[in-house]
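> Here it is: the structure, laid out below.
The values are calculated or read from the model by the stated rules, or taken from the named source; none is laboratory data. Computed from a predicted model, the values in this text were never measured in an experiment. Neighbour counts run over all protein chains shown; Cβ positions are idealised from the backbone, glycine included.
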Amino acid sequence: MGITTRSLLHRTLCVSFLLLPFSAHTALACKPTDGGWIELIGSSGFDAWQRVDERLAIGGGAELVPDNDKILRATPGEGVLVAERRQGYGFLVTKREFGDCELHAEFLIARRSNSGIKLHGHYEIQICDSHGKPDEKLRGSDCGGVYPRWHFSKGKFTYLDEGVPPSTNATKPPGEWQTLDVVFRAPQFDDDGNKTENARLDSVKLNGQVIHNNVELKTPTGRVQKNAKEFPRRYLSLQLNHGPVAYRNVRIRELP
């Protein structure tokens, strides 16, 4: 079984708490490294996030369960965050807000699972099991796609647009680690708060292949909400409530 977050705090971070006050440890975890990178998931712990569900597992890796490839399990160690089952863990949300930024994330999913990375909590890059799907059939809801806008009313789910599909299917099979590299430009506003430039994805690479280049994000993605206001700076969030997924080596840095 996976090692719980509570176990991680007891086993790997208690020494830090003995040597440093909590505020100092948090500052250490969120301090930019050489090159300006801030580690969000990795060896520095999980203090960059507002909260971490104790049902999540922490390990040194993740793997498919041999008799059920729709479930993940954490392997011994530390530095990898694992949602082992589809149990409605919710979202991880960073304490810190970001504007223009570069993101690197490594993920592993189970068969037919999905997740998502939401820049500014608004603009979602889909993560899901799309391995083997032909390029001509790719949609915004496939792995690496910019997720479509949707509306739910009176028991009916409706897509309002098609999102932006990845230009090619670079997805690996379930159970293999994959990489996502994103250069994101935040929306811009004048002194009166009027939007002057839409958000944009300068580039997105999935497993080293460019799948988006200079994609304008005219609106937030996902569910249409009346108060989905856009901002020049906002948090990053990871979706953990749609199936088993593991994350490691997640880091972010702000751009000039």
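> Would you call Pro174 within 22 Å of Asn114 (Cβ to Cβ), free of Cβ contacts under 8 Å to residues at least 60 places away in the same chain and in a loop (DSSP other than H, G, I, E, B)?
Details: within 22 Å of Asn114 (Cβ to Cβ): yes; free of Cβ contacts under 8 Å to residues at least 60 places away in the same chain: no; in a loop (DSSP other than H, G, I, E, B): yes.
The answer is no for Pro174.
> Let me ask something additional. Which residue pairs have Cβ atoms closer than 9 Å, lie 6 or more positions apart in sequence or on different chains, and pair a first residue in region 243-254 that is within 21 Å of Cys101 (Cβ to Cβ) with a second residue that is in a strand (DSSP E or B) and polar (S, T, N, Q)?
Tyr247/Ser115; Asn249/Thr179; Ile252/Thr94
> Any idea how many residues of region 227-256 are assigned to a loop (DSSP other than H, G, I, E, B) and either of a type in the set (Asp, Glu) or buried (at least 20 other Cβ atoms within 10 Å of the Cβ) (or both)?
Just the residues of region 227-256 that are assigned to a loop (DSSP other than H, G, I, E, B), to begin with: 227-233, 235-236, 240-244, 255-256.
Adding the requirement that they be either of a type in the set (Asp, Glu) or buried (at least 20 other Cβ atoms within 10 Å of the Cβ) (or both) leaves 230, 235-236, 240, 243-244.
Within region 227-256, residues that are assigned to a loop (DSSP other than H, G, I, E, B) and either of a type in the set (Asp, Glu) or buried (at least 20 other Cβ atoms within 10 Å of the Cβ) (or both) number 6.
> Just need a number here: residues in region 152-166 that are in a loop (DSSP other than H, G, I, E, B), modelled with pLDDT under 90 and surrounded by 13 or more Cβ atoms within 10 Å (Cβ to Cβ).
Let us first name the residues in region 152-166 that are in a loop (DSSP other than H, G, I, E, B), namely 154-155, 160-163, 165-166.
Still in the running and modelled with pLDDT under 90: 154-155, 160-162.
Keeping just the survivors that are surrounded by 13 or more Cβ atoms within 10 Å (Cβ to Cβ) gives 161-162.
Total meeting the criteria: 2.
> A further question on this structure: Look through region 107-133, keep the residues that are crowded, with 18+ Cβ neighbours inside 10 Å and among the charged types (D, E, K, R), and return whichever of them is nearest to the chain's Cα centre (by Cα).
Lys118
> So which residues in region 128-155 are of a type in the set (Phe, Trp, Tyr) and either on the phi > 0 side of the Ramachandran plot or touching a Phe, Trp or Tyr at 6+ places or on another chain (Cβ under 6 Å) (or both), if there are any at all?
Across region 128-155, the qualifying residue is only Trp150.
> If you don't mind, there's one more thing I want to ask. Yes or no: Val164 touching a residue at least 24 places away in the same chain (Cβ under 8 Å), under 14 Å from the mean Cα position of the chain (by Cα) and closer than 28 Å to Tyr89 by Cβ?
Criteria not met by Val164.
> Taking region 72-107, which residues are under 14 Å from Val245 (Cβ atoms), in contact with a Gly (Cβ under 7 Å, 6 or more places away or on another chain) and assigned to a strand (DSSP E or B)? Lay out the reasoning, then the answer.
Applying the first criterion (under 14 Å from Val245 (Cβ atoms)) to region 72-107 yields 72-74, 80-92, 105-107.
Filter once more, keeping what is in contact with a Gly (Cβ under 7 Å, 6 or more places away or on another chain): 73-74, 80, 82, 84, 86.
Residues satisfying the conditions are Arg73, Ala74, Val80, Val82.
> Being within 23 Å of Arg112 (Cβ to Cβ), among the basic types (Lys, Arg) and modelled with pLDDT under 95, is that true of even one residue in region 213-223?
Within region 213-223, one or more residues are within 23 Å of Arg112 (Cβ to Cβ), among the basic types (Lys, Arg) and modelled with pLDDT under 95.
> Checking the conditions here, which among Ala83, Ala74 is buried (at least 19 other Cβ atoms within 10 Å of the Cβ) and either within 14 Å of the chain's Cα centre (by Cα) or over 30 Å from Gly36 (Cα atoms) (or both)?
Ala83
> Could you tell me whether any residue of region 63-71 is among the acidic types (Asp, Glu) and not in a strand (DSSP E or B)? I'd like the intermediate steps shown before the answer.
Taking region 63-71 as the starting set, the residues that turn out to be among the acidic types (Asp, Glu) are 63, 67, 69.
Narrowing further to those that are not in a strand (DSSP E or B): 67.
Looking through region 63-71, at least one residue is among the acidic types (Asp, Glu) and not in a strand (DSSP E or B).
Conditions (1) more than 24 Å from Trp37 (Cβ to Cβ); (2) touching a His at 6+ places or on another chain (Cβ under 9 Å); (3) part of a strand (DSSP E or B); (4) aromatic (Phe, Trp, Tyr), marked per residue:
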{"site": "Gly132", "(1), (2), (3), (4)": "yes, no, no, no"}
{"site": "Trp150", "(1), (2), (3), (4)": "yes, no, yes, yes"}
{"site": "Thr168", "(1), (2), (3), (4)": "yes, no, no, no"}
{"site": "Thr179", "(1), (2), (3), (4)": "no, yes, yes, no"}
{"site": "Val182", "(1), (2), (3), (4)": "no, yes, yes, no"}
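> List the residue pairs whose Cβ atoms are under 7 Å apart, where the first residue sits in region 36-49 and is among the aromatic types (Phe, Trp, Tyr), the second is part of a loop (DSSP other than H, G, I, E, B), and the two are 6 or more positions apart or on different chains.
Phe46/Val52; Trp49/Lys95
> Report, by residue number, each residue of region 204-219 that is over 16 Å from the mean Cα position of the chain (by Cα) and surrounded by fewer than 21 Cβ atoms within 10 Å (Cβ to Cβ).
Gly208, Gln209, Val210, Asn213, Asn214, Val215, Glu216, Lys218, Thr219, listed by residue number.
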